[in-house]
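The values are calculated or read from the model by the stated rules, or taken from the named source; none is laboratory data. Keep in mind that what you see is a predicted model, and the values were worked out from it rather than measured. As a convention, Cβ positions derive from the backbone with ideal geometry for all residues, glycine included, and neighbour counts pool all protein chains shown. Accessible surface is based on the protein model in full, side chains and every heavy atom, while ligands, DNA and RNA are left aside. Shrake-Rupley method; radii C 1.70, N 1.55, O 1.52, S 1.80 Å.
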Amino acid sequence: MDEVLSFLNLKKGGIYVDLTLGAAGHSCAILDHLQGDAHLVGVDRDAGILEFAKQKLEKYGGKFTLCHGAFVDICKILEEHNIGKVDGVLMDIGVSSWQLDQGQRGFSFRKEGPLDMRMDRSQSLTAEKIVNSYPETQLADVIYRYGEEHRSRQIARAIVHYRDRKKILSTLELANLIQNTLRYRGKIHPATKTFQALRIEVNQELQQLQTTLENLPKVLKDKGRAVVISFHSLEDRIVKHAFKNKEFWNNLTKKPVIASREETRENPRSRSAKLRCAEKLSDGV
Ligand SMILES: C[S@@+](CC[C@H](N)C(=O)[O-])C[C@H]1O[C@@H](n2cnc3c(N)ncnc32)[C@H](O)[C@@H]1O
């Protein structure tokens, strides 16, 4: 948290955007440190979590604006709210624990629920559609590419074999099918990588991240900061590559910042977090 605040380099009267508002943990910390007439814009694709965050942020009165939308639409969102260029942007990508805890959203292989996994519930593609309709090779490719699961072909074959008899409808049905297929009982649940892959495919997460990083220079002021926290190597690779572009960025983290031992004790999720920050170079964008 301290690193996020220090990399954002909060200025008196500055405008900051939390593009992944979630349960507003980072936003609360930013709001606590805003000075003068500084303002925070919070964006999330998930209307449910946005409502949850709104209640948490009420105490900050008029110091923030909340917007429902995907971060890929950052330019449009700011324009619609008459917000010009901003001083800093934060992205803490992935799924929030709030979403994982809501069984009915279908993100967790530990909670019974429909195979949904949509962050924005108005879109039509769900995990259930993918699992029950993608051809076997396409399914294996998704699980391999986005889950980095080496046994993707075996899992895809088992899914297709199962769905020939019965549609796969629930999270636990899929999790048990994978567990029975891999016959592995370690610390990490055997369905972890497949669930990650399906979530990334449902929400087009990597494409969204890539396009958003390309658009950030358009919304940042000169010397404005972009801070991105990612949770797996696929995301971190995209961020690292984007910030290497010397046309737009002064890369402030040659190596990613990782959580301290104390932080991982307090928040186990931060164990695999990598933070990168870059400052926008002066230009005519
Ligand atoms: C890891 S959580 C953020 C947690 C937050 N930093 C906090 O302190 O509570 C990620 C959030 O980003 C949202 N999200 C993921 N992809 C998004 C996208 N493309 N556009 C907007 N929000 C997105 C998710 O709905 C989720 O609420």
Percent of alpha carbon pairs in the range 67-145 separated by more than 18 Å?
59
Under 17 Å from the 7 Å Cα→Cβ point of E58, by amide nitrogen: which residues of the range 1-27?
24
Estimated D of the range 126-285 in µm² per second, where Rh is the Kirkwood radius over Cα pairs and Stokes-Einstein applies at 37 °C, 0.692 mPa s
184
Checked the range 104-203 against the a/c 1.5 cut and the a/b vs b/c comparison, axes a ≥ b ≥ c from its Cα gyration tensor; verdict rounded
With bins 5 Å wide starting at 0, give me the P(r) of the chain over every alpha carbon pair, in whole percents.
1, 5, 12, 16, 17, 16, 13, 9, 6, 4, 2, 0, 0
Going 7 Å from the Cα of R153 toward and past its Cβ, which residues in the range 180-195 have a backbone nitrogen under 17 Å from where you end up?
182
Determine the sum of side-chain charges near D37: Lys and Arg each +1, Asp and Glu each -1, restricted to other residues whose C-beta is under 13 angstrom from that of D37.
+2
Expected 222 nm ellipticity per residue - DSSP helices of 4 or more, -39500 (n - 2.57), all of the chain, to 500
-13000 deg cm²/dmol
Quick query: amide H of L66 versus all other amide H atoms, modeled in the peptide plane; which residues come in under 5 Å with a sequence gap of 5 or more or a different chain?
G42
Could you compute how much accessible surface Y16 exposes when probed at 1.4 Å, giving the result in Å² to the nearest 10?
0
How high is the relative contact order of the chain, in percent, with contacts defined as C-alpha pairs under 8 Å that are six or more residues apart?
18
Return a single number: how many Lys pairs in the range 38-183, at a sequence separation of 8 or more or on separate chains, have alpha-carbon atoms below 27 angstrom apart.
16
Let me check I've understood the local charge: for P256, count other residues with C-beta under 10 angstrom from its C-beta, Lys and Arg +1, Asp and Glu -1. What total comes out?
+4
Express the relative contact order of the range 104-203 as a whole percentage, based on alpha carbon pairs under 8 Å and six or more residues apart in sequence.
38
Calculate, for Q138 and T264, the FRET efficiency according to 1/(1 + (r/R0)^6) with r their C-beta to C-beta distance and R0 45 Å; round to the nearest 0.05.
0.80
How far is it, in nm, from the label point at N251 to the one at K85 when both lie 7 Å from their Cα along the line to the Cβ?
2.3
Any idea how far apart N215 and E51 come out in nm if each label point goes 7 Å out from Cα toward Cβ?
2.5
What's the ranking of 104-115, 195-206 by average number of surrounding C-beta atoms within 10 Å, highest first?
195-206, 104-115
